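Take a look at the structure set out below.
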Amino acid sequence: MKFKIFIAALAVPLVLTIARAVTHPGVPERELEGPPHLREAYEVLRRTNPDDPTFNAAAARFQAVQQAAAASALQSANAQTRESASISAAYLHTENWQAIGPTPLLHGETPWGSPQHLSAVSGRVTAIALDAQDEVAFIGAALGGVWRTSDSGQTWAPIGDQLGSLAIGSIAIAPGPHPRNEATLYVGTGEGNFGCDTYGGVGVYKSTDSGRTWQGPYGSSLFTNRAVNSIAIDRTNPNTLLATTGTAFVSAGGACITEPSLPPRGIFKSTDAGLTWTKMTTQVANDPASQVIQDPVTPTRWWAAMYANGGVVGGILRSDDSGATWNQIAGTGGLPPLDATGTWSRAAITATGDGHGNTVLYVGNGQTATGAGSGGRVFKSNDSGATWTELANAQGFCNTQCWYDMPIAVEPGNPSVLYTGGSYISSVDANNNEVTPSEFMRSNDGGATFASKVRSADGTTALHADVHAIQVWPGRSNEIWVANDGGVWKSIDRGDNWVNLNTNLQITQFEQCDLYQANPNIAYCGTQDNGVDGFTGGAGWLHLDYGDGGTALIDQDNPNNLVHTYYDTSGGDWSIGVGYTTAGFTALENYSFSGAAKNNPPYNNGMNYTDRVLWYPPIHLDRGVHDTLYFGTNKLYRADRFFSYPTGAPNIFSALGPGTGGQDLALPNGEISAITTLPNPAPGLDAQTIFTGSSNGHVFVSNDSGASFTEVDAAPSPISLFVTSILIDPRHSNVVYQARAGFTGSLPAHNVRKSTDGGMTWADASNGLPDIPVNALVTDPIVPNAIWAGTDAGVFLSTDGGTTWNPYNTGLPNVPVYDLKTSRQPAQIIAFTHGRGAFRLQFDAIFIDGFEVP
């Protein structure tokens, strides 16, 4: 089935045809997202201190956010007294950032498997809390903060946009009656999905007025750079709370499990309503924990699901003294034992009373059962945890991603109804019946049998892949709410049919984007988890291609020519390459994959598939000849007239630099991370001047169209940071800037550098910037010598060519800005964030020294 949407009021009329599935010859659809650990390594590389692997990145970001807020407050005070020393008098406009979506992404990938019911998606949601007294629901997003709905998901509003971290791991509501809109909420920061590509938190925030105001963060010394991924409140004493912590974004490359230099993980307790916390688990100094619950029958008994890291870490712990002491029950009563290799992986637990004084518990873990094709086992106890029996028909419920997504939930008061959530398994048989195991299942008979409930029976919608949370509405047993990588859904018939709640949630995690200058209501963006998407001027953006979208570019001479990356791996089965179309925002099936592949089959596009390459490699369209495409591995490749090549044409890319194999521009072990060109003064010719930057801090320039390259900025400590962006000033081509990600641990942070002689020599230009990754640089569309920087602590502006910097974040949530793009007609800047979608700064009138600039 196909759908057509006609989009008006654009410079170029566009027709969108949505197909069921995109075809990439020989490439399984889900593989476009790639191995998660490689994405983790990429994000870690951009946010580390290369000279100090023990550096606490989340603490540094929190400090940078506080510095930016203080500078903004001073700037505002100075402006009110007309004594602004913070912002140059040459730049007097005071516009605020305005959200422009996606709200939502239209025709998203729901579900992953075929057949699909393409429907609205928003972004990764990690936590749900339901307030039945006020008929209010709260959700927490991966890096999109906390949102509230009072109309059952028809509309949402963000609350707490300026919390110290918008990476949310958990939300809890204090039990018991409360006055309307005065519920006590606790929010655990740090995304709790045990991935290194997620952001760490700064502690626990508390609200006593349903999220209108917040106090905290509390427990920062124990929780910073960790994920508070579960909070439970004692129903007999609301001053007593238990919480669990796990891995979030880390600073030590690849050290996603041990991290001895960071705060120890485990189970924590507060007896003063969340103000102070004490670590309660002492069996292992650093034992990651996934979830904690209070026994529904015996209030002094608590259960904790852990994360296996070999040895005694992991399994299920039980406390009979309100969390003071804990005992391991894995390996007892029929539960499988722990082992040295950590096959238990992540665990999950849910429980309810049976009405006869017993607790019925369900425990899930990440093991693969003998003979099963994928991971995940579920065990049941009918006698309060004394004995356990495996549920054979639940095997494989979380597939290959049990460490990332494996919620289970029993219906309160009804132990016969059990729900399981997992990753991207979703298919139907010849009779169009959903096959089990799947990413979402329901059992009506206490786990004896399961049915897949991914697609609505009425055929209107389906769940997105990767389920992270399942909640039953208190007092309404038929109503369940589910959160996943695509947002939020609810069902009022236990999952038989789904209502899509991704109405106005703006929580998309952008990577890199492009803007069509002739019509700045056309943008093209890559996202984490939600493909490649198109902006057409409205709040609803178009979902155009699947998988992980990386860098996305528009041919400025022809907006129908679009190119983007998925993910790339050295020596991988199908990648190094790009996806592209010459049909604009039209049919998904018009995307073609142009890759150099080891198997699957070899495309022979001219690039060496054994090159070192970033997960999201940089691509660049020539500033003069807009259909010449550059691609960076550890070498720079160029494809002239890229969009004119027939699909699958061999050897379309050529390596630049001396020799047939091209020049290595990222020695000894880096990859190219940034590319830019200066338009050739001769029309129709590729650029003579080309700059590249690398992941290990090297900057090269070629002034002979890539025949040779000279290193112009080496990488001595402390500036051996990932080069994210190189910017040539369009008004003065000898002025060049570079942005760097990562942390140095001191000021100046060297995260912006400047050259005034065409890139031959460089000097620091970061005065006023905090020690924070700088992800993007753009020149102001109107004001000369003004530079904008997108950072992990928001947007900063320099009006003096990088000599000084000040924050410019009014209207912008506390979220990392991954990319910036500008246009002159109309004069605007768009900030593409990694967690809160896109925001626009549009200038109606700009005054320079008293004169209006049109």
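Computed values, structure above
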item: Least to most buried among Glu411, Glu511, Glu439 (fewest other Cβ within 10 Å first); result: Glu411, Glu511, Glu439
item: Amide H contacts of Gly101 (H built 1.01 Å from N, under 5 Å, at least 5 apart or other chain); result: Ala838
item: Protection proxy ranking, peptides 65-71, 447-453, 427-433, average beta carbon neighbours within 10 Å, highest first; result: 447-453, 65-71, 427-433
item: In the chain, lysine pairs with alpha-carbon atoms under 24 angstrom apart (chain gap of 8 or more, or interchain); result: 9
item: Per-pair calculated FRET efficiency, R0 = 41 Å: Ala451 and Ala285 via Cβ, rounded to 0.05; result: 0.40
item: Charge sum, other residues only, whose C-beta stays under 12 Å from Thr676's C-beta, Lys/Arg counted +1 and Asp/Glu -1; result: -1
item: For Gln291, residues with placed amide H under 5 Å, excluding near neighbours; result: Ala305
item: Under Karplus coefficients 6.51, -1.76 and 1.60, residue-wise ³J(HN,Hα) of segment 403-411 in Hz, glycine/proline x; result: 5, 10, 8, 7, x, 10, 8, 9, 5
item: Ordering of 637-646, 469-478 by burial proxy (mean other Cβ atoms within 10 Å per residue, highest first); result: 637-646, 469-478
item: Cβ-placed point charges (K, R +1; D, E -1), dipole of the chain about Cα centre in debye, nearest 20; result: 620 debye
item: Summed side-chain charge close to Phe832 - residues other than Phe832 whose Cβ falls under 13 Å, Lys, Arg +1, Asp, Glu -1; result: -1
item: Per-selection metrics, segment 342-465 (Cα): Rg and Dmax in Å; result: 14.3, 45
item: 3J(HN,Hα) from dihedral phi, segment 821-827, Karplus parametrisation 6.51/-1.76/1.60, rounded to Hz, x for glycine, proline; result: 9, 10, 9, 9, 10, x, 6
item: Distance histogram in 20 Å bins (all Cα pairs of the chain, percent per bin); result: 16, 50, 30, 4, 0
item: The chain, relative contact order in percent, only Cα pairs under 8 angstrom and at least six apart counted; result: 12 percent
item: Estimated [θ] at 222 nm from DSSP helical runs (n ≥ 4, -39500 (n - 2.57)) normalised by residues in the chain, nearest 500; result: -1500 deg cm²/dmol
item: From phi via Karplus (6.51, -1.76, 1.60), per-residue ³J(HN,Hα) for segment 649-654 in Hz, x at Gly/Pro; result: 4, x, 6, 7, 9, 10
item: Relative contact order (%) - criterion: Cα under 8 Å, at least six apart; region: segment 399-471; result: 32 percent
item: Virtual spin-label span in nm between Asp429 and Ser708, 7 Å along Cα→Cβ; result: 7.0 nm
item: Counted charge near Leu463, where neighbours are those whose Cβ lies closer than 9 Å (Asp, Glu -1; Lys, Arg +1); result: +1
item: Thr756 paired with Ala324, simple spin-label distance in nm, labels 7 Å along Cα-to-beta-carbon; result: 7.0 nm
item: Cβ-based exposure ranking for Met306, Met441, in which fewest neighbours within 10 Å come first; result: Met441, Met306
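Here, each number is a calculation from the coordinates, and none is a lab measurement. Only a predicted model underlies this, so the values are computations on that prediction, with no experimental measurement involved. Counting neighbours? That spans all protein chains shown, and the Cβs are built from the backbone with ideal geometry, glycine included.
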